[in-house]
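Reviewing the structure listed below.
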Amino acid sequence: MIINRIPALIIIAVLIAGCGQKNAESSLKEGRVLSDVRAVVVSAHPQGSHAGAMIMKKGGNAVDAAVATGFALAVCYPAAGNIGGGGFMLVRTSEGAHDLIDFREKAPLAASRDMYLDAADDVVRGLSTDTHLAAGVPGSVDGMIRIHAKYGKLDFREVIQPSIDLAANGFILTAEQASSLNRSAEMFRKRNPEGCAFVRVPGWKEGDTLRQPDLATTLERIRDYGREGFYSGLTAKLIVEEMKRGNGIITSGDLEQYSAVFRKPLSSSYRGFDIVTCPPPSAGGIILLQMLEMIEPFSPAEHEFHSPEMIHLIAEAGKRAFADRARYAGDADFISMPVQELLNENYLKERMAGFDPIAATPSSNIGAGDPVSSGSTETTHFSVVDEEGNAVAVTTTLNGSYGSGIVVKGAGFLLNNEMDDFSVKPGFPNMYGLTGSDANAIEAGKRMLSSMTPVIVEKEGKLFLVAGSPGGSTIPTSVFQVIINLIDYNMTPRAAVDTGRFHHQWLPDRISIEKNSLTEKTAGRLQKMGHILHEVTALGRVNAVCARQNGFLEGVADKRGDNSASGY
Ligand code: GLY
């Protein structure tokens, strides 16, 4: 009797669990802007945000949700979400403590300073971006596992499961994703002659389902064996075999030795707000804090929003910050980097001493200061806040769109092309036009310089903003503008994220400006001041969460792309 009842009881339990899941899902709010929520994830893809929000619904905290979203994006946002790349995760606990995990990729042990130069010492085009040699040792899996072990509440297996389901069952492509995959089809074919999941004949269209069975089994190995499921065993073997096929240099020793590191975040204040952000090996945090400090004495809010005076001031601050980046920034585990000196208030006052309010200073007249650039849109950022007030800002990347475009055969994930973020030759611009010096030269085991800028802003000890962006060199300036839009221009969170952006990175000496964001009159005035203007389609994709005074949260997904918020 009892034995006969067991299957029935199991069926009832499964049905109840299924109903519970459906109820939890239907009580989630989803959209580009979510107001008055208590917990929210904002990411580059609706399924990524959904996975994280569901994990919080099941009792997980913001770190559980961030890890679930990170793995889900590795499936449903292959242009930048990844397990084959790296990034940074900034955490603020509900008690107000800050922590950061650096899971940036590392140069393989066989890497060397001149590995991308030919016999005449010229850079071999494409070697650091399009080949197996372009890949740094991936850090995302180790980073996610370590941060989860430190702060997660739910079992890791539960947190990673949504990504496995998405990979195995597939997810629905958006229009933007379908056309992006079609545009990249030729590249995928060339770099994966035996085929890969991202190519479809005659092409993808919106609403198609993309399934990634190899990736699903790799994620299952990570679920079942943790770090060993990626850095040793079958996945590691597949990576090493892929390297052999394409003359890459990542070995099993590189994979075994890789370790993410906890670091102390950088912090500074701006007009009574505390800004907490990423330390080296990202230069993004330093650029952000330098620019805020440089403009503060000039009271930007006294200038009308997007007036020539406002844009001029910020462009001039940007030139000086990026000139310092090119000279001083690198992996502080390998070089001595004057971080505190670069952030010193008096030093930054001196940097702006030559600022002319009515004329541009040519970049050729601006060198680095004396205190003792990078990224396509295909990095990705997600912001998470849970009901208890734990907040997480995560930026991860493969570097270029779809990284190197090389999929590890049998393992189903894309390899990064992060080695291009090193200075492959002093003064030679990387794919984002950024140059560097010896500080960012290639060395075995060193981390390449980044621009990623996850940020958490507080006011009087209370959470105010969680944000970050993709966009290489334009990351810190995009994040910077959202901060001043909120603080100096009192914009709503949605307006602060959506309004047009601009960017100056010292070299090339020009202001990049989003199409249709300035009046002709303003553009003309800037040109008269001596600025060269360069129109671009989009700068950054900021995914932000703002804490409102009524105690609720507002999640804002950037209108530039498929970004989406999910919460309750
Ligand atoms: N690969 C882009 C960055 O790290 O800045």
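The values are calculated or read from the model by the stated rules, or taken from the named source; none is laboratory data. Here the structure is a predicted model, which means the values were calculated and not measured. So basically every Cβ, Gly included, is an ideal-geometry build from the backbone, and we count neighbours across all protein chains shown. The area values use the complete protein model at the heavy-atom level, side chains included, leaving out ligands, DNA and RNA. Shrake-Rupley method; radii C 1.70, N 1.55, O 1.52, S 1.80 Å.
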For this session: Per residue of region 37-47, in order, report the coupling 6.51 cos²θ - 1.76 cosθ + 1.60 (Karplus, θ = phi - 60°) as ³J(HN,Hα) in whole Hz, putting x for Gly and Pro.
Result: 10, 9, 8, 7, 10, 10, 9, 6, 9, x, 6
Exercise. Using helices alone, what [θ] at 222 nm do you get for the chain, with -39,500 (n - 2.57) per DSSP H run of 4 or more residues, divided over all residues and rounded to the nearest 500?
Worked result: -11000 deg cm²/dmol
Problem set entry | Sites residue 349 and residue 201, calculated FRET efficiency, Cβ-Cβ separation with R0 60 Å, nearest 0.05 | 0.50
Exercise. Among 113-120, 476-483, 521-528, 560-567, what's the highest-first ranking by average C-beta atoms within 10 angstrom per residue?
Worked result: 476-483, 560-567, 521-528, 113-120
Seminar exercise, completed: Karplus-derived 3J(HN,Hα) from phi for region 416-422 (6.51 cos²θ - 1.76 cosθ + 1.60, θ = phi - 60°), whole Hz, x at Gly and Pro, runs 6, 10, 6, 4, 5, 7, 6
For this session: Starting with the highest mean, order 497-506, 211-220, 244-253, 410-419 by the number of other Cβ atoms within 10 Å, averaged over the residues of each peptide.
Result: 410-419, 497-506, 211-220, 244-253
Exercise. Excluding ligands, DNA and RNA, what is the solvent-accessible area per residue of the chain at a probe of 1.4 Å, expressed in Å²?
Worked result: 37 Å²
Problem set entry | Cα-projected label distance for residue 533 with residue 256, points at 7 Å along beta-carbon direction, nm | 5.9 nm
Exercise. Can you work out the FRET efficiency for the pair residue 224 and residue 118, with r the C-beta to C-beta distance and R0 = 45 Å, to the nearest 0.05?
Worked result: 0.50
Exercise. For the chain, what is the largest minus smallest coordinate of the Cα atoms on each principal axis, given in angstrom and ordered from greatest to least?
Worked result: 89, 63, 44
Exercise. How far apart, in nm, are two points set 7 Å out from the Cα along the Cα-to-Cβ line at residue 356 and at residue 158?
Worked result: 6.3 nm
Problem set entry | Simple spin-label estimate for residue 211 and residue 38 in nanometres, 7 Å along Cα-Cβ | 3.9 nm
Problem set entry | Calculated from backbone phi, Karplus (6.51, -1.76, 1.60) coupling profile of region 493-500 in Hz, x at Gly/Pro | x, 5, 5, 4, 7, 7, 4, x
Exercise. Roughly speaking, what is the centre-to-centre gap between region 122-145 and region 63-93 when only Cα atoms are used, to the nearest Å?
Worked result: 18 Å
Exercise. Taking the alpha-carbon centroid of each part, what is the distance from region 254-326 to region 446-488 in angstrom?
Worked result: 8 Å
Exercise. By per-residue mean of other Cβ atoms within 10 Å, what is the highest-first order of 126-132, 272-278?
Worked result: 272-278, 126-132
Exercise. Based on the alpha carbon coordinates of region 303-462, what radius of gyration and maximum Cα-Cα distance (Dmax) apply, in Å?
Worked result: 18.6, 59
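Give the whole-number value, in cubic angstrom per residue, of the convex hull volume spanned by the C-alpha atoms of region 206-293.
For region 206-293, the hull spanned by Cα atoms encloses 222 Å³ per residue.
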Seminar exercise, completed: Taking only the alpha-carbon positions of region 464-568 as identical scatterers, the Debye log10 I(q)/I(0) at q = 0.11 Å⁻¹ comes out as -0.37
Seminar exercise, completed: Short to long, in 5 Å steps from zero, the percent of alpha-carbon pairs of region 58-143 per bin is 3, 12, 17, 18, 15, 12, 9, 7, 4, 2, 1, 0
Problem set entry | FRET efficiency estimate (nearest 0.05) - Cβ-Cβ, residue 364 to residue 340, R0 22 angstrom | 0.15
Seminar exercise, completed: Cα-Cα longer than 27 Å, checked against 264/349; 57/237; 153/205; 153/446, kept in input order, equals 57/237; 153/205; 153/446
Problem set entry | Of all DSSP beta bridges in the chain, antiparallel share, percent nearest 5 | 95 percent
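Mind running the shape call on region 38-183? Use the C-alpha gyration tensor, a ≥ b ≥ c as the square roots of the eigenvalues: rounded below 1.5 for a/c, prolate if a/b tops b/c, oblate otherwise.
Details: a/c = 2.69, a/b = 1.55, b/c = 1.74.
It is oblate, given that a/c is not under 1.5 and a/b is not larger than b/c.
Rounded to a whole number, what % of the accessible area of the chain do carbon and sulfur atoms account for, probe 1.4 Å?
52 percent
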Exercise. So what's the projected area for region 127-167, the Cα convex hull averaged over all directions, in nm²?
Worked result: 4.1 nm²
Seminar exercise, completed: For residue 270, the residues 5 or more places away or on another chain with a placed amide H closer than 5 Å to its own amide H are 275
